[in-house]
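The values are calculated or read from the model by the stated rules, or taken from the named source; none is laboratory data. Nothing here was measured: the structure is a model prediction, and the numbers come from that model. So basically every Cβ, Gly included, is an ideal-geometry build from the backbone, and we count neighbours across all protein chains shown. Accessible surface is based on the protein model in full, side chains and every heavy atom, while ligands, DNA and RNA are left aside. Shrake-Rupley method; radii C 1.70, N 1.55, O 1.52, S 1.80 Å.
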Amino acid sequence: MSVDSKFCHKAWAGDFGGINFPLLADFHPKGAVSKEYGLWLDEAGISDRATVLISKDGTVLWSESVGPGGARQPSELLEKTKSLV
């Protein structure tokens, strides 16, 4: 989930060679979900850049914050996801 457009989501999914689950936008009201997870940076008016892996039953399995300008490595995220399945 991010505040990015569906076009950005499609490009991001392509970095993984394609994915078969929906990507969601935290667009309106802006940052509502980010706030629920404690990731909203109020002074900056943006969400922290984080990855949160959640089970089907809603349990947070793993999370990592890299800060607003931080980068994530798609291959490492894919390996982490595989290790939790």
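Worth pointing out:
- Helix-derived mean residue ellipticity, 222 nm - over the chain, DSSP H n ≥ 4, -39500 (n - 2.57), to 500: -8000 deg cm²/dmol
- Segment residue 77..residue 65, full-extension length gain: 3.1 nm, with 0.36 nm per residue of separation and the alpha-carbon distance subtracted.
- By accessible area with a 1.4 Å probe, ligands and nucleic acids excluded, highest first: order of 76, 64: 76, 64
- Surface share of carbon and sulfur [accessible, 1.4 angstrom probe, percent] for the chain: 55 percent
- In this simple spin-label approximation, residue 19 and residue 54 carry label points 7 Å from Cα along the Cα→Cβ vector, and these lie 1.3 nm apart.
- Solvent-accessible surface of the chain, taken per residue with a 1.4 Å probe and all protein chains present: 75 Å².
- Computed with a 1.4 Å probe over protein heavy atoms only, the accessible area of residue 27 comes to about 120 Å².
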